[in-house]
Amino acid sequence: MFFIAGTKGETTTVKTGKFYCPECNKKTTYHHNQVHEKVTVFFIPVANLRLLGEFIECQSCDNTYKLEILDYDPKKEQLMVEALYIIGLKKVMTMMMLADGEIEDSEKTMMKDIYKHMSDYELSDDDIKKEIESCKDIPMDLEEYLNKLFPQLNESGRETIIKLAYWISIADGQYDKSEEKLLVKLAKHFQISNAHLKGIMSEVNETVSGNEV
Ligand SMILES: [Zn+2]
């Protein structure tokens, strides 16, 4: 008498629940599946040998994902993008103010207005002071913020940042070389062409002169 023994992979569902499927773009049912290598005797699985892998399977579209997908929450993600956007905005505005070496009260007032408008939060003089100090301490962590922002910002978000940066830089009544250099650098980082940048600037110029009339 002898056994025909072997192994085979078998998928079992160990848990089910609801999750947000990026493919379906809505909440739907998932199966948490595990694939085990099983010992077979006469081709019948009799025992688990080892876990080969596990995955999440959407029951609507059959797409499979890594387990981390269960932590994916588009609402939370959106809030984080918004927070980064506001932080980036504050940083960009401060850097523009620092670009010409001096910070005018008109620039500070403008920054407060813009910030309030974008975030519903009032910046105090102390907040601005802290931001200025952190910009002076770490002169180029703007790029780091932009790199975090860039993948998530859509075109209009990037345009808005450029627009506000330019707005801040002309708040003191002049637009000098150092400010221009920084703005061009920003635009380049955001993959905004020179022509597009000129368009954004003339739009701001029109708004500003329109307000003065
Ligand atoms: Zn799905």
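We did not get these values from a lab; they are worked out from the coordinates using the rules stated. Please read all numbers here as calculations on a predicted model, not as lab measurements. Glycine gets a Cβ as well: all are built from the backbone with ideal geometry, and neighbour counts include every protein chain shown.
A few comments on the model shown:
- In Hz, Karplus ³J(HN,Hα) per residue of the range 42-48 (6.51, -1.76, 1.60; θ = phi - 60°; x = Gly, Pro): 6, 6, 9, x, 10, 7, 6
- For T40, the residues whose amide H sits under 5 Å from its own are G6, T7, K8, V46, ignoring neighbours fewer than 5 places away on the same chain, with H placed 1.01 Å from N.
- Between 0 and 90 degrees, the angle of helix 155-170 with respect to the longest Cα principal axis of the chain falls at about 30 degrees.
- GNM on the chain, alpha-carbon springs under 10 angstrom: the most fluctuating residue among A171, A187, A195 is A195.
- Projected label distance in nm at T109 and L49, using a 7 Å step from Cα toward the beta-carbon: 7.9 nm
- Using alpha-carbon coordinates, inclination of helix 105-119 to the longest axis of the chain, degrees: 30 degrees
- Computed extension gain for D176 through I4, at 0.36 nm per residue and net of the alpha carbon distance, reaches 53.5 nm.
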